[in-house]
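Let me begin by presenting the structure, written as structure tokens, before commenting on it.
The values are calculated or read from the model by the stated rules, or taken from the named source; none is laboratory data. Small disclaimer: the values here were computed from a predicted structure and weren't measured. All Cβ positions, even for glycine, are placed from backbone atoms using ideal geometry, and neighbour counts span all protein chains on display. Accessible surface areas use protein heavy atoms only, side chains included; no ligands, DNA or RNA. Shrake-Rupley method; radii C 1.70, N 1.55, O 1.52, S 1.80 Å.
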Amino acid sequence: MKRRWKILTASLLAVGIIGASVMFLAPPETPSVIPVRLPDGSFVNLEAVTYGTNHLVGPRLGQMVNRLPPLLSNFSRRIFGNRASIRFSAQTDSPKVVLWLNRGIMARAFAPGAGYCELQLADTNDFVAGSRVRYGPTYPLEVKEFSAFPRRAPYFVLHIYHHDAAGSVSLCGTMPIKNPIFHQYAQWHPENLPATKLAGEVEVTLEQFHTGLNPVAQLLRSPDDGRTLVFGTNDWGSTNVSACVVRVRPTAKTDYPWRVCHAELSDATGNKLPASKLDSAGLNCFTFEPALWPSENAWKLKLDVVQDAATATNDQFTFHDVPLGAVDSNNRVGRTTNFNGATITLDQIIRKTPAILTAPPLADSASQIIFKTAGLTNGMRMDCVAIVANNGMSLEGSWSSGNDARTNSCWISQDAKTADVTFAVRRAEQVEFLVKPEVSPLRVQLDAFPRSFQ
């Protein structure tokens, strides 16, 4: 009797799978795009586009079978063969769009000195923004991930750029990409600038917000020693930067100045980006690279402000004699401490040969000191106080800030061997602005913003 039930169960299961296969045996929808030719004569094809954290490339039946319990999935593959199998799979740590790019089995790696390729995404207005992703390219497939992408339209556009050995950038070609999560999104409405918000005993004013800028600004001086920071509009093709000007003033008398320690940019479709550069030179201007797409009605700017970490000592901790490691290498440090309820890890130092910046990308020519953080709840933030090398040089530079990481980009002289790294963990005040960025050059009169209010 039991055997009959087993046979009946297996038969019903087989019938169910066969019935479902009528819907799923059709091959997956393949992108109908023209391959892009690269400088070495090879071509790039778009094999697939996926979204989520569990990425599967293969027939629809294979994707369905892959989600079944192992016993059922193995049974289905024996019946349907390759039509129930997955060709490629990948995992991402958060929901992302993944582009599966194929350069062909006969293609070889770029020759030394031939430069490299880079990927970026554009919206339907052909505005290029978002992350800049290096592209090998290699065979059989390269999985390229994008956290931020234009989500409001039925498609967006992949741009493939070539950077030659001399630093010139050229566009190899473009591919339209079907948006895997296209639907209707809410619309945000911007505030007029300048706008001022109160956070505790702090007044935060957003003076200006611009996008479509060059990543490198000029600092101009007038005869009376005035200073103007000038961002021109983008003329490097694959790089667009957003920049904002903020003034922070305490409303109560205090000996401790306040400043921005963390910034995040988001839009109504779910894209989020941390600030890529929080200046420590008192310029009151910080940047987002990558930028978002200005076709949105408004962006949300979140700012965390703290009292200057250099003015208090009861919330500071120092990692002493941190080895800076070899030049042009990734040096794992792994120094960890529990401090003020948070776990702070000095994770690694990506050390580069010091170089004069003449062109983007900025991150390719600066060393990076990377911290990992955990347990930062209830408005607590990690903030850097000082990084001093054994030769006396200050390694404080510009900071990028994320939810669980913080990176200092700086220049480390070749004779520096170790450094003392001091940080603070303290409570921050938070404000939010809804802003429509201007796509135009940005000029910042620095004299209007005293250093004490950075």
*Exactly one condition in (1) modelled with pLDDT under 85; (2) open to solvent by 70 Å² or more (accessible area, probe 1.4 Å); (3) part of a strand (DSSP E or B); (4) not basic (K, R) is not met by Y51; state its number.*
(1)
*segment 163-175 residues that are closer than 23 Å to P35 by Cα, paired with ones that are open to solvent by 50 Å² or more (accessible area, probe 1.4 Å) and among the charged types (D, E, K, R) (beta carbon under 7 Å, 6 or more apart)*: C172/R37; G173/R37
*Residues that are loosely packed, with under 14 Cβ neighbours inside 10 Å and assigned to a strand (DSSP E or B), drawn from segment 324-335*: S329, N330, R332, G334
*asked:* Conditions first: (1) at pLDDT 85 or above; (2) under 30 Å from L213 (Cα atoms). L357 passes all but one, so which condition is the exception?
replied: (1)
*Selection count where residues are assigned to a loop (DSSP other than H, G, I, E, B) and either in contact with a Leu (Cβ under 9 Å, 6 or more places away or on another chain) or modelled with pLDDT of 95 or more (or both), scope segment 155-171*: 0
*Going by the structure shown, is A312 more than 27 Å from L213 (Cβ to Cβ), modelled with pLDDT under 75 and open to solvent by 10 Å² or more (accessible area, probe 1.4 Å)?*
yes
*When you scan segment 377-450 for strands (runs of 3 or more DSSP E) that lie fully inside it, which ones turn up with 2 or more residues that are among the polar types (S, T, N, Q) and either open to solvent by less than 30 Å² (accessible area, probe 1.4 Å) or modelled with pLDDT of 80 or more (or both)?*
398-401, 405-410, 418-427
*Kindly list the number of the only condition in (1) closer than 20 Å to F433 by Cα; (2) open to solvent by 80 Å² or more (accessible area, probe 1.4 Å); (3) in contact (Cβ under 8 Å) with a residue 40 or more places away in the chain; (4) touching a strand residue (DSSP E or B) at 6+ places or on another chain (Cβ under 8 Å) that fails for H210.*
(2)
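Would you mind finding the one in L119, L198 that is in a strand (DSSP E or B) and buried (at least 18 other Cβ atoms within 10 Å of the Cβ)?
On the way: L198 fails: buried (at least 18 other Cβ atoms within 10 Å of the Cβ).
It is L119.
Would you confirm, using the coordinates I've provided, whether T174 is touching a His at 6+ places or on another chain (Cβ under 7 Å), at pLDDT 90 or above and either among the charged types (D, E, K, R) or assigned to a strand (DSSP E or B) (or both)?
Working: touching a His at 6+ places or on another chain (Cβ under 7 Å): yes; at pLDDT 90 or above: yes; either among the charged types (D, E, K, R) or assigned to a strand (DSSP E or B) (or both): yes.
So T174 passes the test.
Could you please give the count of residues in segment 221-233 that are at negative phi and modelled with pLDDT under 75?
Step one: filter segment 221-233 for residues at negative phi, giving 221-224, 226-233.
Retained after the next criterion (residues that are modelled with pLDDT under 75): 221-224, 226-227.
Counting residues in segment 221-233 that are at negative phi and modelled with pLDDT under 75 gives 6.
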